[in-house]
Amino acid sequence: MFGGGAGAGFGGQGAGFRAPGGPVKGQDLTARTELSFRDAVEGRTISLSVNGEKVNAKIPAGVKDGQKIRLRGKGAHGDQGGPRGDLILTVSVGKHPVYGRDGNNLTLDLPVTFAEAALGATVAVPTLDGSQVKVRVAPGTPSGRVLRLKGRGIATKGATGDLLAKVQIIVPTELSRAEREAVEVLRDARTDDPRAALVAAASA
């Protein structure tokens, strides 16, 4: 899990060499750890074993997959009373079944019915903290439109992102007789061709 890093030996970068027999800074070490999506977003303190020694590492909120964190003074012990080296920790972040990430923004696919998209509706959107936020779906909302919930994303020291809910219109796989008749009425009432612009652009 751990390996030697930069800064080891006399004269090396960050070695802390003063004079023969004087204090020498300890070696920098490298390690990897895996966090759940939620722990990476919210931040947490984890315990690691470094050369047989328990080390507590505070992971800041909003850490990204593959990000390297330098933990000062958590590496190998120095010689002759020299300071400890650093621990370079690479973080792997697991996937979430609902949320994705775009910078500091959280993303999700928001299922809505055809009626909600066509007529408009107010629907509940789940947030990572377990609460729900009401959002307005405007009449005529197409599938793929992104609804932005300000301040519901990832909070870091620098900024707080938003929650981006991408509308996905759900088509029922089975219809009752009454539902089928209602859809047929709608079909017969609409005479426009939704593919007309596509065909015209393709032949241009």
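The values are calculated or read from the model by the stated rules, or taken from the named source; none is laboratory data. Every value quoted in this text rests on a predicted model; they were computed, and no experiment measured them. All Cβ positions, glycine included, derive from the backbone under ideal geometry; neighbour counts span all protein chains shown.
Of all the residues in the stretch 46-79, those that are outside any strand (DSSP E or B), out of contact with any Gly (no Cβ under 6 Å at 6 or more places or on another chain) and in contact (Cβ under 8 Å) with a residue 24 or more places away in the chain number 8.
Contact map, the stretch 139-166: residues that are in the same structural domain as K64 (by TED's automatic domain parsing) and of a type outside the set (S, T, N, Q) paired with residues that are modelled with pLDDT under 95 and in a loop (DSSP other than H, G, I, E, B), Cβ distance under 9 Å, separation 6+ or inter-chain. No pairs are found. Under the condition of being modelled with pLDDT of 95 or more and among the hydrophobic types (A, V, I, L, M, F, W, C), which residue from the stretch 92-117 is nearest to A57 (Cα to Cα)? Ranking the candidates gives V93 first.
Restricting attention to the stretch 91-127 and to residues that are loosely packed, with under 14 Cβ neighbours inside 10 Å and among the hydroxyl-bearing types (S, T, Y), the residue that is nearest to I46 (Cα to Cα) turns out to be S92. Among the residues making up the stretch 147-198, those that are among the small types (G, A, S) and in contact with a strand residue (DSSP E or B) (Cβ under 7 Å, 6 or more places away or on another chain) are G151, G153, G161, A165. For the stretch 144-167, residues that are loosely packed, with under 15 Cβ neighbours inside 10 Å and over 28 Å from R44 (Cβ atoms) total 3. Remark: pairs (first residue in the stretch 181-204, part of a helix (DSSP H, G or I); second residue not aromatic (F, W, Y); Cβ separation under 8 Å; 6+ apart in sequence or on different chains) = V183/L175.
Test G82 against the stated conditions and say whether it is surrounded by fewer than 16 Cβ atoms within 10 Å (Cβ to Cβ), out of contact with any Phe, Trp or Tyr (no Cβ under 6 Å at 6 or more places or on another chain), of a type in the set (G, A, S) and in the same structural domain as K25 (by TED's automatic domain parsing).
In short, no.
Taken together, T122, T156 contain a single residue that is within 30 Å of the chain's Cα centre (by Cα) and farther than 30 Å from V63 by Cβ, which is T122.
The set of residues in the stretch 91-109 that are touching a strand residue (DSSP E or B) at 6+ places or on another chain (Cβ under 8 Å), in contact (Cβ under 8 Å) with a residue 40 or more places away in the chain and either part of a loop (DSSP other than H, G, I, E, B) or of a type outside the set (S, T, N, Q) (or both) comprises V91, V93, G94, Y99, R101, D102, N104, L106, L108, D109.
Scanning the stretch 57-90 for residues that are farther than 28 Å from V125 by Cβ and touching a strand residue (DSSP E or B) at 6+ places or on another chain (Cβ under 8 Å) yields a total of 20.
Residue count for the stretch 74-117 satisfying the condition of being small (G, A, S) and closer than 27 Å to G153 by Cα: 5.
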